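Here's the structure we're looking at; comments come further down.
The values are calculated or read from the model by the stated rules, or taken from the named source; none is laboratory data. Everything numeric in this text was worked out from a predicted model, so none of it was measured. Here Cβ is always computed from backbone atoms with ideal geometry, including for glycine, and neighbour counts include all displayed protein chains.
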Amino acid sequence: MLRICALLMFCFLAVNADGSFYVLNAPESLSFQRIPTVLPSEQVCDVIKAARGLGVSDTADFPGLVINDPFGLPQKAVLVDVIGLNEIPLSEENISYKIGGKSVSASLDDLKLTSAEDPSDCDINISNFEENELSNCVLKSDKEFVYVKIDLSNLKNVADKSKVISALTNELINLQRQIEGNSLSQSLLAVIVSHEDDKSSNLLRRRREAVTGSKTNTYNLAAYYDQNYPVIFNIILWFMVALGLSLLAVCYAIADMDPGRDSIIYRMTSTRMKKDN
């Protein structure tokens, strides 16, 4: 019963999905499971970061990715972002997941902002699309993270769009073959297809703003300390340590005191019987 419900839920999400996530090549250290699951759009960034060995958010929970060897992560990560489609007619042998949600653009922007180095960008113009342009851009880059953006949303003519999709599919297959037969076989090649660029994501704040500086400290300089500050600090610190140890010793001595023998007060006030010689 649970399996049927999960299958129906997957079918519902797949119909209402806003894109697809394809894995064309992955090293042996990563395993993408062929399971009927939907990848939330806000977790696309976490999947790529987890595959590269980077930290992910606390809410990241995608069962499709399994890291077999954390010490054999991809040498290079190539991400092709295709805007204007829901899917690409690639081979069924490639593992793919439906993307649910409309924040793919924001997730990819966060991925580029949190990257350790600036990614190597390849903006391909569809109007002047040349053969092997995608492969040359990816293979010539010496960066560990290559981001390729291909925008098809401006193509309205069905014939032109079909022609471009066919050419793009051939380019992706050619790139996949070159990576598999090259020294970059241990690289990650992923393709993200989203229906349209999320224009509302430009209204979101994607980076932490700096604290507004004060008018008296224009250059946001650190507080100035006198040259005697270390000496005074050490005097106060060790004096407080000595005072604390002394107080502890006094408290221990008072607690262990015997009033009958150790206190002079009880000796002076005690009454003694006089003896007659």
*Just wondering, is there one or more residues in segment 79-93 that are modelled with pLDDT of 85 or more, under 15 Å from the mean Cα position of the chain (by Cα) and closer than 20 Å to SER194 by Cα?*
no
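Residue-wise test of (1) among the hydrophobic types (A, V, I, L, M, F, W, C); (2) touching a helix residue (DSSP H, G or I) at 6+ places or on another chain (Cβ under 7 Å); (3) part of a loop (DSSP other than H, G, I, E, B).
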| site | (1), (2), (3) |
| --- | --- |
| GLU130 | no, no, yes |
| VAL138 | yes, yes, no |
| VAL148 | yes, yes, no |
| SER153 | no, no, yes |
| ALA159 | yes, no, no |
| ILE165 | yes, no, no |
| LEU168 | yes, no, no |
*If THR114 passes every condition in (1) β-branched (Val, Ile, Thr); (2) over 20 Å from ILE179 (Cα atoms); (3) at pLDDT 80 or above but one, which one does it miss?*
(3)
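Matching residues to (1) under 30 Å from LEU85 (Cα atoms); (2) modelled with pLDDT under 70:
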{"residue": "GLU180", "(1), (2)": "yes, no"}
{"residue": "TYR219", "(1), (2)": "no, yes"}
{"residue": "TYR224", "(1), (2)": "no, no"}
{"residue": "ASN228", "(1), (2)": "no, no"}
{"residue": "LEU247", "(1), (2)": "no, no"}
{"residue": "TYR252", "(1), (2)": "no, no"}
{"residue": "ARG267", "(1), (2)": "no, yes"}
{"residue": "ASN277", "(1), (2)": "no, yes"}
*Here is a list of conditions, (1) in the same structural domain as TYR22 (by TED's automatic domain parsing); (2) at pLDDT below 85; (3) within 33 Å of the chain's Cα centre (by Cα), and VAL164 meets all of them except one; can you say which number that is?*
(3)
*Hey, ILE124 hits all of (1) modelled with pLDDT under 85; (2) touching a helix residue (DSSP H, G or I) at 6+ places or on another chain (Cβ under 9 Å); (3) farther than 18 Å from LEU189 by Cβ but one; which does it fall short on?*
(3)
*Given the residues ASN132, ASN170, ASN154, ASN182, which is the only one that is touching a residue at least 60 places away in the same chain (Cβ under 8 Å) and over 27 Å from the mean Cα position of the chain (by Cα)?*
ASN154
*For segment 57-77, indicate whether the set of residues that are in contact with a Cys (Cβ under 7 Å, 6 or more places away or on another chain) and either more than 22 Å from GLN33 (Cβ to Cβ) or in the same structural domain as LEU39 (by TED's automatic domain parsing) (or both) is non-empty.*
no
_Single unsatisfied condition, GLY53 versus (1) touching a helix residue (DSSP H, G or I) at 6+ places or on another chain (Cβ under 9 Å); (2) under 27 Å from LEU184 (Cα atoms); (3) modelled with pLDDT under 85_ = (1)
